[in-house]
Amino acid sequence: MRTTISVIKADIGSLAGHHIVHPDTMAAANKVLAAAKEQGIIIDYYITHVGDDLQLIMTHTRGELDTKVHETAWNAFKEAAKVAKDLGLYAAGQDLLSDSFSGNVRGLGPGVAEMDIEERTSEPIAIFMADKTEPGAYNLPLYKMFADPFNTPGLVIDPTMHGGFKFEVLDVYEGEAVMLSAPQEIYDLLALIGTPARYVIRRVYRNEDNLLAAVVSIERLNLIAGKYVGKDDPVMIVRLQHGLPALGEALEAFAFPHLVPGWMRGSHYGPLMPVSQRDAKATRFDGPPRLLGLGFNVKNGKLVGPTDLFDDPAFDETRRLANIVADYMRRHGPFMPHRLEPTEMEYTTLPLILEKLKNRFKKESDVYKAKESVYAKEEAQGHD
Ligand code: F6R
Ligand code: MG
Ligand code: MG
């Protein structure tokens with residue numbers, strides 16, 4: 001059966017700061033999705049949250065960028081935002097950048113990851129959802145999952161994975177994508193995706209048969225809106241097993257809490273901490289950036305599950321290291337490299353400060369010239 005999995009998310013307001021989604025807003029979204037299921041627009045759905053982001057996981061047969069499915073998500077966010085406004089939740093409606101819906105949610109604020117697949121006999125998937133970071137945060141773990149045998153031994157010892165995978169990399173500044181194949185082109189691939197703020201892995205395919213294996217949401221709200229209106233906390237769908245990374249290989253890629261941009265005011269590097277649903281909220285310094293992972297099986301369009309993938313002591317040490325790294329990074333205060341480079345910051349007062357101080361900057365060359373003229377004067381007097 002041909003099934004489309006659509007994960008669409010938005011920050012429509014949250015409780016006590018940019019901290020956690022309120023259950024009443026999830027209930028409002030649930031009403032809209034239940035009605036869409038009743039009408040046969042979607043087959044199944046699951047609603048969840050990570051931090052201040054409301055996540056709609058939906059299945060249907062209508063393909064990617066479908067107007068009806070996107071309209072359903074948009075209406076769910078609108079209804080949830082109404083409740084958020086009534087409750088006085090913080091930043092109510094934040095990610096809904098337009099008043100009207102125009103075909104699909106692309107460019108309107110919400111983040112989207114969709115894949116249209118031919119369901120295998122058993123179709124295990126993992127959905128990863130992060131808060132307080134951006135889509136390039138998945139570059140490193142995706143590389144590990146699909147190109148690094150030290151993470152994924154299947155690349156070496158499973159004949160069905162041995163042909164490798166190809167990565168579609170989007171240059172978010174130029175709006176153009178390039179396909180690079182691993183293992184043949186890993187140095188070129190790494191040269192690009194090592195700059196995750198610009199080059200973002202959008203899709204991964206199996207080399208052998210072009211099977212779609214992973215999809216990442218790539219909305220950059222700052223670029224969409226022409227100014228920064230919030231970090232575009234990313235979601236990702238990964239297909240698993242039987243010629244694709246095993247569940248454990250996909251999860252292993254998150255065992256190292258790598259540094260990602262985001263965190264407080266979208267302007268700091270911090271460790272990506274994999275957490276259970278219970279801990280999927282932003283606290284310390286509005287973070288640290290959190291990652292929730294849910295596992296499902298998709299059967300005839302039905303979502304079987306979920307299982308809470310990081311709700312496990314096997315990730316305790318990852319979280320402990322993330323906390324140590326968080327401490328270490330925090331001790332830099334407002335200094336780089338904890339604080340992001342100026343072009344990547346969500347908030348910056350730098351232009352105002354530079355404007356205010358502009359008359360107080362002295363040209364180095366003028367200082368030297370002044371010194372030289374004093375010296376010349378003294379010299380001249382000395383000769384008198
Ligand atoms: C980062 C984020 C938060 C806010 C911070 C300040 O993506 O959502 O860290 O930037 O809480 O929020 P405001 O400016 O709304 O008071
Ligand atoms: Mg937010
Ligand atoms: Mg968020």
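The values are calculated or read from the model by the stated rules, or taken from the named source; none is laboratory data. Quantities reported herein were computed from a predicted structural model and do not represent experimental measurements. Cβ sites come from the backbone with ideal geometry, for glycine too, and all protein chains shown count toward neighbours. Side chains included, ligands, DNA and RNA excluded: accessible areas come from the protein's heavy atoms. Shrake-Rupley method; radii C 1.70, N 1.55, O 1.52, S 1.80 Å.
Descriptive notes on the structure:
- Residue with peak Gaussian network fluctuation, the chain [Cα springs, cutoff 10 Å], from Leu240, Leu357, Leu87: Leu357
- Sorting Asp148, Asp99, Asp11, Asp311 by solvent-accessible area of protein heavy atoms yields Asp99, Asp311, Asp148, Asp11, largest first, with a 1.4 Å probe.
- Under a Gaussian network description of the chain, with springs only between Cα atoms under 10 Å, the residue in Ala16, Ala137, Ala213 that fluctuates furthest is Ala16.
- A convex hull fitted to the Cα coordinates of the chain yields 178 cubic angstrom per residue.
- Accessible area of His49 in the full protein assembly, 1.4 Å probe (Å², nearest 10): 20 Å²
- Protein heavy-atom accessible surface, 1.4 Å probe, per residue over the range 8-138: 35 Å².
- Computed from label points 7 Å out along Cα-Cβ, the spacing between Thr195 and Asp209 is 3.7 nm.
- At R0 = 41 Å, FRET efficiency that the Cβ-Cβ distance of Ala27 and Asn297 yields, to 0.05: 0.95
- Efficiency of FRET from Cβ geometry, His332 and Lys356, R₀ 35 Å, rounded to 0.05: 0.90
- Magnitude of the charge dipole, the range 334-384, Cβ model with Lys/Arg +1 and Asp/Glu -1, debye to 20: 200 debye
- Rounded to whole numbers, the Karplus 3J(HN,Hα) couplings from phi for the range 277-292 are 4, 4, 9, 7, 8, 9, 10, 4, 6, 6, x, x, x, 10, 10, 9 Hz, using 6.51 cos²θ - 1.76 cosθ + 1.60 with θ = phi - 60°, and x at Gly and Pro.
- Enclosed volume per residue, in Å³, of the convex hull spanned by Cα atoms of the range 27-158: 132 Å³
- Residues considered: Thr195, Thr72, Thr343. Largest GNM mean-square fluctuation over the chain, using C-alpha springs under 10 Å, is found at Thr343.
- Here the Karplus relation 6.51 cos²θ - 1.76 cosθ + 1.60, evaluated at θ = phi - 60°, turns the backbone of the range 139-148 into coupling constants of 4, 5, x, 5, 4, 4, 4, 10, 9, 10 Hz, with x for every Gly and Pro.
- Residues in the range 126-136 carry Karplus couplings, in order, of 10, 10, 10, 9, 10, 10, 6, 7, 9, x, x Hz; the curve used is 6.51 cos²θ - 1.76 cosθ + 1.60 with θ = phi - 60°, and Gly or Pro positions show x.
- Nonlocal amide H pairs with Gly270, under 5 Å, H built at 1.01 Å: Val260, Gly262
- Close amide-amide hydrogen proximity is noted between Ala182 and Phe165, Lys166, Phe167, each under 5 Å apart and 5 or more residues distant or on a separate chain (H modeled in the peptide plane; Pro and chain starts excluded).
- Taking the DSSP beta bridges with both ends in the chain, the antiparallel portion is around 95 percent.
- Each Cα pair under 8 Å and six or more residues apart adds its sequence gap; the mean of these over the residue count of the range 1-87 is a relative contact order of 43 percent.
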